Each structure stands twice: as C-alpha cells, then as structure tokens.
Amino acid sequence: MTNYEIVLSLLRAQLGTNPLDSDILGTHIIEKERRLIQEMSKVNAALNKYADARPIPDTRKEEEIQKIKDRAEDLKEEVGERDERGITVFFRHDGKIAIGDHMIYGFMKAAAESISRTLPTKKGVVLHSATYTESIINQHVRCQEEFLVFDKDILRHEDGTPAYKVRSIRVMTAQGPRVSIIKSEQVPAGAILKFHLKVMEDSPLTEEVLRKLFAYGEVCGLGQWRNAGYGTFSYTLKKL
C-alpha cells in the first residue's frame, strides 16, 4: 500500500450531517445506503459508484447510532423533543468532533464526477471516466481511521450552547411540498482535519490524481449545504 498523510483546513464552516434523531439515522439513512449498495451494485455502468462499495456492517451501524444517542443525551437540556428531528450534528469520537471515513470516499467520488465533465471522455481512464474512477476509489482506497477528528470544537454562543446554522429547506411529503426549518452544528473555518489514506500499490489513483481530487475541495467540500460553499477546504498531501 502507498500511504499518504492528508490535512484538510476548512475555508468556511462545515455543517453537521447526522440527524440528532437516532431513529432517522438508523432506519432512513444507514439502511437506505445499505440497500442501495446491495441492490444497485453492478446493475449498470451508470450506477458504478456503488459497484464494489464496502457494505456497512451491523457493528459500524450500531456504533454510529450509539454516538448519536450519546450526543442527544448531551443536548437533552438544550433541545426539546419537538425540535430534535430538525437538528443535524457531528459525531463525538474520544470526546472530539468527528466525521465518518465514508464522507471522504463520498467526496472523492463527487469530485471525480465533476472533474470528468471538464475532460474528454475516455472509457477506462481515471478522471476522464467518472464511473471508472468511482469504481477504482471503491476498490483501491481506504482511510486508516474510521472516524476522523477535528482539532476544534463546534461554534458556540457565550453561554456555551451550540451556535446552530438555521436555514429553511423545501421537502416533498405525502401531502405535497413543505418548507421546514433545519438547524445544524457548525465546525468553524480554520478547523483542521488530519487523516491517513492508504492506496493500493500501482493503482491508477496516483499522487497527481489525488491532488486533483482534493483540490476540488475549494469548490465543493464536506457536509450539508456544500453546494452553497459550506465545508470547503484547502489541503496538503504528503506521501509517507
């Protein structure tokens, strides 16, 4: 394996993506992702981002749900039960703000898809073919850490309560379109996320390709509302 140390520095605050309601996380998000991986893997080339994707094991699902339950307990006095379903938060890992490694894989595949649109299409060539690149990412890349921790806490008010980013979203329900209010924890701009990436020896995902993928973080980064610029980052990459 070829090992890289990668450091991401947030250019703009990153918003939490995990619903504080653990039932939503377990039933509607993790299970949906597992079904997509199982049902869509290798159906056709258009769905290649799921091909060979690692299944989400029960132990990982339970660990993530427990982290959300622990976070909900921390916020019990600050958050009323009625508001819980409209809040997204970060995991806590060893007492620090964290994200799951799957967010890095998801970012890399999204970057590959966007970059490929700017290049001449060449089937079976990394970055020139989004589906091929996404498949290679699924097969050749792993983070050394399961949970990646930030060096800073979330943004807080003077009294210590979370300084949520509040925004409205339009959702489609059985009763038609509705506008809801969602609140998200924020990790501030300048926060650092350091992790280690392992890539198979002789993979077409060379250091040059990795640099192009992570450079896309200045356009569209991590977390919710990233299309509006939240969660964008600069990076450094060092081959170990």
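All of the numbers you see were taken from the coordinates with simple rules; none came from a lab. Given the structure is predicted, the values throughout are model-derived calculations rather than measurements. Note: ideal-geometry Cβ built from the backbone for every residue, glycine included; neighbour counts use all protein chains shown.
The table for this structure:
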| quantity | calculated |
| --- | --- |
| Residues with amide H under 5 Å from that of A191, placed H, sequence gap 5 or more | L10 |
| Subset of K96/K183; K109/K183; K122/K165 violating a 30 Å alpha-carbon distance limit | K122/K165 |
| Nonlocal amide H pairs with T232, under 5 Å, H built at 1.01 Å | L11, R12, G221, L222 |
| Lys, Arg +1 and Asp, Glu -1 on Cβ, resulting dipole of segment 87-240 about Cα centre, debye, nearest 20 | 480 debye |
| Long-range HN-HN contacts of E146 with modeled amide H, under 5 Å | none |
| Segment T206-K123, extension gain: residue separation times 0.36 nm, minus the distance between their alpha carbons | 28.1 nm |
| Segment 84-240 - convex hull of the alpha-carbon atoms, volume per residue in Å³ | 154 Å³ |
